[in-house]
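Remarks on the structure that follows.
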Amino acid sequence: MSDTIIENAKSHLRNIQVTVVSQGAEAIIFQTTQHPYLPSSISTSSESLKFIIKYRPPKTYRHRTLDQQLTKHRTISEARILQKLTNIAEVNAPSLIAIDSRNGILWMEHIGYELANKDISSLKNWLWQFNHDESKALTNEVQDTLRAVGRQIGELHKNDLVHGDLTSSNIILSENSKAFLIDFGLSSQSTLNEDKAVDLYVLERAILSTHPLYSYEYNKWLLEGYSSVFSGKQETKLKEILRRYEDVRLRGRKRSMLG
Ligand SMILES: Nc1ncnc2c1ncn2[C@@H]1O[C@H](COP(=O)(O)OP(=O)(O)OP(=O)(O)O)[C@@H](O)[C@H]1O
């Protein structure tokens, strides 16, 4: 990763101490123990209290003005969704701490913990630990966790929000096995069954590609959790979403057959 990008980010962050956590397609993720509103002398010494800074660097391949507008728009849009989610008790997402939309910066709560191999506790990495051992891959704990993840997605959709990039890397487990959704950069408000079905399909594909041996069970448990949060009148809505999900899967299968 270019040092210039990191220096650029630091210049907007008043040179606070940050560590790079990841560089994705869209943003660089930093971790820090410094809270944005407190003086730097009061950085949290406790390892357990960390913050995430998501920085969308300028994209030099885009026209400068267009790039600035896009970055600002995406940063604000992600912040809005995070803010909205703080009012939906049933959906777990990082709390928004601060936003500097002009510079493409979001501060948020740090979620998750380090697994034994030092990877972050995303659903993908967590399930990976069991990939070569059926006795660990199909336990009640895995089943309960996947149902909990499914419930989170169900609650998100019940509130007419769609994630837009629902991979197993964008689901993080906390130490007490609570599932959190992250990366709302492509999220939107939507009442369309199609959008919800696509979220489910994207997750199904992610599970299939990283955990092929157990993907049937894993997706079954995710869908059981998902379905369980729709009750009474909402069951009709659930049926429509699941019907659309079957259509999306069929389209996906046809596409892969045709190459
Ligand atoms: N709140 C958070 N707490 C802990 N880790 C986080 C948090 N937000 C992001 N991360 C880490 O940073 C990674 C990338 O974050 P995010 O998906 O938001 O950025 P992105 O640029 O959209 O990445 P990608 O293009 O890979 O989807 C996550 O997979 C996760 O490991």
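The values are calculated or read from the model by the stated rules, or taken from the named source; none is laboratory data. Treat the numbers as computed from the prediction; the structure is a model and nothing was measured. Quick reminder, even Gly has a Cβ in these numbers, built from the backbone with ideal geometry, and neighbours come from all protein chains shown. Calculation scope for accessible area: heavy atoms of the full protein, side chains included, ligands and nucleic acids excluded. Shrake-Rupley method; radii C 1.70, N 1.55, O 1.52, S 1.80 Å.
Below are the figures for this structure:
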{"read-out": "Residues that are closer than 26 Å to Leu127 by Cβ and open to solvent by 80 Å² or more (accessible area, probe 1.4 Å), drawn from region 213-243", "value": "Leu213, Tyr216, Lys220"}
{"read-out": "Test result for Ala93, within 17 Å of Gly112 (Cβ to Cβ), surrounded by 18 or more Cβ atoms within 10 Å (Cβ to Cβ) and either among the aliphatic types (A, V, I, L, M) or modelled with pLDDT of 95 or more (or both)", "value": "yes"}
{"read-out": "When residues of region 52-64 are limited to those that are modelled with pLDDT under 95 and open to solvent by less than 90 Å² (accessible area, probe 1.4 Å), the one nearest to Leu173 (Cα to Cα)", "value": "Pro57"}
{"read-out": "Odd one out for Leu203, checked against (1) open to solvent by 20 Å² or more (accessible area, probe 1.4 Å); (2) of a type in the set (A, V, I, L, M, F, W, C); (3) within 16 Å of the ligand (Cβ to nearest atom)", "value": "(1)"}
{"read-out": "Positions within region 153-178 being surrounded by 21 or more Cβ atoms within 10 Å (Cβ to Cβ) and either hydrophobic (A, V, I, L, M, F, W, C) or within 15 Å of the ligand (Cβ to nearest atom) (or both), in sequence order", "value": "Ile153, Leu156, Leu161, Val162, His163, Leu166, Ser168, Asn170, Ile171, Ile172, Leu173"}
{"read-out": "Positions within region 247-259 being open to solvent by 80 Å² or more (accessible area, probe 1.4 Å) and under 21 Å from Ser168 (Cβ atoms), in sequence order", "value": "Arg253, Ser256"}
{"read-out": "Selection from region 111-148 of residues that are within 16 Å of the ligand (Cβ to nearest atom) and either hydroxyl-bearing (Ser, Thr, Tyr) or assigned to a helix (DSSP H, G or I) (or both)", "value": "Tyr113, Ser121, Ser122, Leu123, Lys124, Asn125, Trp126, Leu127, Trp128"}
